[in-house]
Amino acid sequence: MAIMEEFDFDIAILGAGPAGCALACTLASVSQGSLRIALFQGISKQHDPAKDTRVLALNYGSQVFLEKHRLWPDHSATIETVHVSQKNRLGRTLISNKDFNVPMLGSMVAYAQLYRKLQERLQQLPVTVLSGELASAAQENDKAPVIVTQGEKTWRTRIAVQCDGIKPKGIHREYNQHALITSARAQFPKQGWAWERFTREGPLAVLPHPIYKDAQSIVWCTSPARAQELAQLDDATFSRTLTGHFGERLGLLSALEKRAVFPLHLSASKNTVNGHIATLGNAAQTLHPVAGQGLNLGLRDVATLVHCLKPWMLDTSQDAAPFLDKFANSRKLDRMITCELTDFLPRIFSTGNPLVEHGCGLSLLGMDLIKPLRQPLALHLLQGFRN
């Protein structure tokens, strides 16, 4: 008689950021409580998610997914039009929600409010949350159980999903750019508009702020030295410098918050599944913030994994490998397109070559004048590639 293997969990999720929490909530909801799910939450003294002041750009596809699973925060700022331009060059493109007959292109949400909503939903669902040191997962071979280790404790699980806490291994590129993150109040606000302005320093995103009235969230990509210099400016000088760099469309942009600086790079895993261990979200790819695709790509990872595991949920004693392989194969093209897009855009617009810059300007102009030319880019930003 065969001995039944004992498992502590069916699925262990390592990393309790937005992608990990969304995965835990969605799996628990879709399986109607039949899965034994563990969410391993690493505690960091340096980062308290409930006090994180960042804001996130979520596209329409992500918003629909989160709303469907009751994960959408109470407050958000709608984006209906995206204005794409290049500093000191002709050519610009407008992308509108009317192009796709959708209520919005996306929305801005506060990281802390999204985290709070995810935590509230987790408490309503049968998910075991284990807080402590950063957890790790290992599997001796394809037939062995996955062993999850957190501190001195270990658990046996059928599947492990690494969502954050490790760096993606495979493709890597340093941009020699840092992102300065802050917020500013606009003198002449324009509701529902977002701006992506390419400059020789790097892209500058000016986005609706989900909390402050008539304010913008600022993501200013520039050289490491320049970012540190900007971070040290007094508010009045920074406000004038930001307005001069962006232009006068919104009047004076007055600094509202302290400035934070983050290094930028591309890291992406070539393989997202190894045996019964899958990776998604920040553990699978870290992107340049241009076009705000990071969490959107992670949430598409989440949605696809849940979809691929549905047949396995009916009988978790069956081998999960074929279902995880289907997930990996389903995500290849979308991950490749998004990684290449967010890698290409900030580099091509910051070459400093006038011929390239004029070519980029003509491309923006062409996309603005001819709807079919801008639709592929706009559609990918709206919902990503879906097969």
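The values are calculated or read from the model by the stated rules, or taken from the named source; none is laboratory data. Predicted model only: the values in this text are computed from it and were never measured. A quick note on method: Cβ atoms are made from the backbone with ideal geometry, for glycine too, and the neighbour counts reach across all protein chains shown. Surface accessibility is based on the protein's heavy atoms, side chains included, excluding ligands, DNA and RNA. Shrake-Rupley method; radii C 1.70, N 1.55, O 1.52, S 1.80 Å.
In whole angstrom, note down how far apart the Cα centers of segment 164-225 and segment 295-325 are.
After rounding, the separation between the Cα centres reads 32 Å.
Can you tell me the dipole magnitude for the chain around its Cα centre, using point charges on the Cβ only (Lys, Arg +1; Asp, Glu -1), in Debye to the nearest 20? Write out the running numbers ahead of the final one.
Values: 41 positive and 34 negative charges, 170 e Å.
For this selection, approximately 820 debye.
Once you place label points 7 Å from the Cα toward the Cβ at F344 and V30, how far apart are they in nm?
3.0
Just how large is the dipole of segment 1-92 about the Cα centre, in debye to the nearest 20, putting +1 at every Lys and Arg Cβ and -1 at every Asp and Glu Cβ?
Its charge dipole is roughly 720 debye.
Once Lys and Arg get +1 and Asp and Glu get -1 on their Cβ, which of L90, G106, A303 lies farthest toward the positive end of the dipole of the chain?
L90
How would you order 336-344, 94-102 from highest to lowest mean count of nearby Cβ atoms within 10 Å?
Result, highest mean Cβ count within 10 Å first: 336-344, 94-102.
Using Cα positions and a limit of under 17 Å, work out the aspartates and glutamates in reach of K98, with same-chain residues fewer than 8 apart set aside.
Qualifying aspartates and glutamates at Cα under 17 Å: E80, D368.
By per-residue mean of other Cβ atoms within 10 Å, what is the highest-first order of 325-334, 43-52? Don't skip to the end; give the middle numbers.
Numbers: 325-334: 17.2, 43-52: 10.4.
In decreasing order of mean packing, 325-334, 43-52 become 325-334, 43-52.
If you bin every alpha carbon distance in segment 129-182 into 5 Å steps from zero, what whole percent lands in each bin?
Reading the bins upward from 0: 4, 14, 20, 17, 14, 9, 10, 8, 4, 1.
Run the numbers on segment 243-317 and let me know its relative contact order in percent, using alpha-carbon pairs under 8 Å that are six or more apart.
Working: 43 pairs, mean separation 15.4, N = 75.
Result for segment 243-317 is 20 percent.
How high is the relative contact order of the chain, in percent, with contacts defined as C-alpha pairs under 8 Å that are six or more residues apart? Don't skip to the answer; put the middle values down first.
On the way: 823 pairs, mean separation 80.6, N = 387.
Result for the chain is 21 percent.
Pairs of alpha-carbon atoms within less than 8 angstrom and 6+ residues apart define the contacts here; what relative contact order does segment 181-226 have, in percent? Mind dumping the intermediate values first?
On the way: 79 pairs, mean separation 19.1, N = 46.
Computed value for segment 181-226: 42 percent relative contact order.
Work out Dmax and Rg for segment 25-126 from the C-alpha atoms and quote the Rg first, both in angstrom.
Using the Cα atoms of segment 25-126, the pair Rg, Dmax is 17.7, 58 Å.
To one decimal place, what orientation-averaged projected area in nm² is obtained for the convex hull of the Cα set of the chain? Don't skip to the answer; put the middle values down first.
Working: hull surface 78.3 nm².
With every direction weighted equally, the projected area is 19.6 nm².
Using a 1.4 Å probe on the protein chains only, how many percent of the accessible area of the chain belongs to carbon and sulfur?
Values: 9780 of 18430 Å².
The computed percentage sits at 53.
Quote the charge dipole size of segment 197-237 about the Cα centre in Debye, to the nearest 20; the model charges only the Cβ of Lys and Arg (+1) and of Asp and Glu (-1). Before the final figure, lay out each step's value.
On the way: 4 positive and 5 negative charges, 44 e Å.
Here the size comes out at about 200 debye.
Of R173, R158, which has the most accessible area and how do the rest follow, probe 1.4 Å?
R173, R158
Over the chain, with the other protein chains present, what is the accessible area per residue in square angstrom, probe 1.4 angstrom? Walk me through the numbers before you get to the answer.
Numbers: 18430 Å² over 387 residues.
On a per-residue basis, the chain sits at 48 Å².
Let me see the pair-distance distribution of segment 178-308: every alpha carbon pair, 5 Å bin width, integer percents in order.
Distribution as computed: 2, 10, 18, 19, 16, 11, 9, 7, 5, 2, 1, 0 percent.
Using the scaling law 2.2 N^0.38 Å as the reference, what is the normalised Cα Rg of segment 14-60?
My calculation over the Cα atoms of segment 14-60 gives 1.39.
Suppose we look only past 11 Å in the calculated P(r) of segment 93-137. What percent of the Cα-Cα pairs does that tail hold? Kindly include the intermediate steps, with their values, before the conclusion.
Numbers: 770 of 990 pairs.
Looking at segment 93-137, the distances longer than 11 Å represent 78 percent of pairs.
Please compute, over every Cα-Cα pair in segment 109-247, the percentage with a separation greater than 18 angstrom.
Numbers: 6824 of 9591 pairs.
In whole percent, the long-distance tail amounts to 71.
Which lysines, if any, have their Cα less than 16 Å from the Cα of K310, not counting same-chain residues under 8 positions apart?
K326
What residues of segment 92-106 lie in the reach of a label at K68, counting those whose backbone N is under 20 Å from a point 7 Å from the Cα along Cα→Cβ?
Only 100-106 fall inside the zone, counting backbone N under 20 Å.
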